[in-house]
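Note sheet for the following structure.
Rule-based calculations on the coordinates, nothing more; no lab input. Values in this document were obtained by computation on a predicted structure and should not be read as measured data. Every residue, glycine as well, gets a Cβ built from its backbone with ideal geometry; the counts of neighbours run over all protein chains shown.
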Amino acid sequence: MKISERIIRIGLIFLIALSFYLSYMIWLSPTARSNLQTNKQAERVVSTTQNIRKATDIFLPLRLVWINGEGNIKQTSTDTIISDIQDLVNKASFGTPEKKSYDNDAAFFADVDIKNGVELSYFGPFLVKEYVEMFNLDLALDKLQDVHFTKAQIDFGSHQIRFVNMRRHQIVEVPITIDELKITQIVSQAAEKNWMQMNEENRISSMQYNTQTPVKLKRYSYIASNLSYTTFRDAFFTNPQDVKMNEETSNLVLYDGTENMSIQEDKQLIDFRGEIDLSGGEGDIYSQSFSYITRLGANLGNLRYFDRDKDEITYRIFVEGYPVFGDAYQGEVNLKVNSESKTDNGALPVQILSSMNAIQVPIPSDEVVELPPSHTIIENLAYMGVDQSLIQSLVIAYVRQDLSATSGVVDLVPMWYIRYDGNWYSYDSLIAKIQQEAGAD
């Protein structure tokens with residue numbers, strides 16, 4: 001490490017330690033709690049409209065694959081490139097959708113790829129209906145309201161947009177009139193550093209392409225600090241100006257009517273319980289959760305839709321196009337809806353979990369980490385006896401590693417994450433899990 005970098009790091013560590021002390025004195029000390037309760041009536045909850053995030057940012061596709069003929073496949077996670085392509089989709093005109101279902105796996109897999117075009121994709125399933133509404137597409141879905149997809153392919157050969165559901169082996173094909181030349185210009189002119197060369201060898205069941213060569217990514221350092229609990233109060237409560245405080249518990253508890261939020265100070269954990277009003281319609285978990293996520297604004301960082309499993313949906317912060325994983329919901333907002341248990345007034349119970357601790361200030365670093373290509377990860381897992389049919393997705397992610405409990409400095413280290421049997425594991429933790437299970441046998 002250069003001397004200048006060392007001086008900068010030491011100075012930043014001192015500043016964050018000071019900010020921790022001041023944050024405690026302001027927000028968490030017994031005196032502050034008492035003063036907050038006394039002065040609550042004078043507090044004015046400010047609506048920070050400029051901090052409200054748009055659905056088009058939160059639900060922007062996470063990856064873009066460019067297929068330019070046989071064997072020429074590239075992938076990027078760069079937001080600006082993906083956003084430019086999505087803008088062209090927003091301006092396109094569409095024909096009548098047609099849903100194709102396949103009883104034969106071989107027929108589906110033979111039809112699932114395109115030879116020339118681009119592919120926008122998500123890690124978790126997304127409703128075609130929500131995609132159309134959130135991006136304001138001029139597309140009538142008729143009876144296709146409940147169709148999910150993970151890939152939206154723009155096929156230059158058939159001039160269609162194809163919504164692909166890998167789990168149910170369904171493809172919704174829609175004629176599209178879009179500026180294909182402009183798409184080609186955008187992807188062709190994007191800097192080479194934004195792309196990873198991909199191939200079709202040894203693909204998993206989700207049919208994602210594999211990285212062809214080792215991947216080199218920067219290792220980042222950040223100063224992390226605790227957000228004020230008012231950030232979450234104002235985002236989650238229906239009427240934050242009416243919220244009361246219970247000081248008779250070990251954890252800080254806020255409540256108003258059927259809504260309550262506890263703050264576990266030792267774990268920096270936010271646990272909100274409330275109800276989703278269905279008077280305006282049943283909706284779905286994407287629209288239900290969006291009303292909470294949008295009001296968080298950019299306070300946690302670049303929060304994006306990451307994954308969904310039945311009545312549970314996860315949003316994560318993204319750094320340089322890659323999701324961030326951490327302990328105790330750090331960099332994450334997890335929302336669960338109990339759709340099987342409506343309240344007496346017809347509402348749905350909801351729980352939201354997140355962390356007050358968020359990365360804030362980047363620290364300069366030039367360190368690079370090299371990751372093996374994804375096909376090597378798949379081969380290693382197969383060698384370890386992992387059931388290949390349970391590997392649902394592979395993604396490069398950044399994992400938070402706290403350097404110390406007092407400095408507030410965290411490293412973001414790139415590594416492979418695998419969605420295995422419905423859960424996300426780092427490569428190392430999945431290997432450890434498999435070895436432990438094998439040892440138990």
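In this structure the amide hydrogen of Val361, modeled in the peptide plane, comes within under 5 Å of the amide hydrogens of Ile223, none closer than 5 places in sequence on its chain.
Can you tell me how region 316-375 classifies by the Cα gyration tensor, rounded, prolate or oblate, using a/c under 1.5 as the rounded cut? Cα axes put region 316-375 in the prolate bin. Scalar couplings 3J(HN,Hα) for region 319-334, obtained by applying the Karplus form with A = 6.51, B = -1.76, C = 1.60 to θ = phi - 60°, are 10, 6, x, 10, x, 10, 10, x, 7, 6, 6, 5, x, 9, 10, 10 Hz; x denotes Gly and Pro. Each residue of region 92-104 is assigned a 3J(HN,Hα), and the resulting list reads 6, 10, 10, x, 8, x, 9, 9, 10, 10, 10, 8, 9 Hz, derived from the Karplus form 6.51 cos²θ - 1.76 cosθ + 1.60 (θ = phi - 60°), x at Gly and Pro.
Can you tell me the relative contact order of region 107-253? Whole percent, Cα pairs under 8 Å, sequence separation 6 or more.
On the way: 143 pairs, mean separation 19.8, N = 147.
Result for region 107-253 is 13 percent.
Beyond 28 Å, the tail of the calculated P(r) for the chain holds 56 percent of the Cα pairs. Relative contact order, whole percent, for the chain stands at 17, derived from Cα pairs under 8 Å and 6 or more residues apart.
Fewest-first ordering of Asp84, Asp366 by other beta carbons within 10 Å of each residue's beta carbon gives Asp366, Asp84.
So what's Rg/Rh here for region 363-440, counting alpha carbon atoms and using the Kirkwood radius for Rh? Kindly include the intermediate steps, with their values, before the conclusion.
Numbers: Rg = 14.8 Å, Rh = 14.1 Å.
Radius of gyration over Kirkwood radius for region 363-440 works out to 1.05.
Taking neighbour counts of Cβ atoms within 10 Å as a proxy for exposure, in what order, fewest first, do His159, His169 appear? If you can, show how the numbers build up before the last one.
Working: His159 14, His169 18.
Starting with the residue having the fewest Cβ neighbours, the order is His159, His169.
Taking amide H atoms as placed 1.01 Å from N in the peptide plane, the amide H of Phe325 lies under 5 Å from those of Tyr398, Val399, Arg400, each 5 or more residues away in sequence or on another chain. Taking amide H as placed 1.01 Å from N in the peptide plane, the amide H of Asn302 sits under 5 Å from that of Phe318, each at least 5 places away or on another chain. For region 94-190, the alpha carbon positions stretch 39, 31, 25 Å along the principal axes, listed from largest to smallest. Using the Karplus relation 6.51 cos²θ - 1.76 cosθ + 1.60 with θ = phi - 60°, the per-residue 3J(HN,Hα) values for region 65-77 come to 10, 10, 9, 10, x, 4, x, 10, 10, 10, 9, 9, 10 Hz, with x marking Gly and Pro.
First select every other residue whose beta carbon is under 11 angstrom from the beta carbon of Thr294; then total the charges, Lys and Arg +1, Asp and Glu -1. Before the final figure, lay out the partial values.
Working: positive: Arg53, Lys54, Arg295; negative: Asp57.
Within the 11 Å Cβ shell, the charges total +2.
Quick one: order Arg304, Arg273 by neighbouring beta-carbon count within 10 Å, fewest to most.
Working: Arg304 22, Arg273 15.
Fewest to most other Cβ atoms nearby, the residues stand as Arg273, Arg304.
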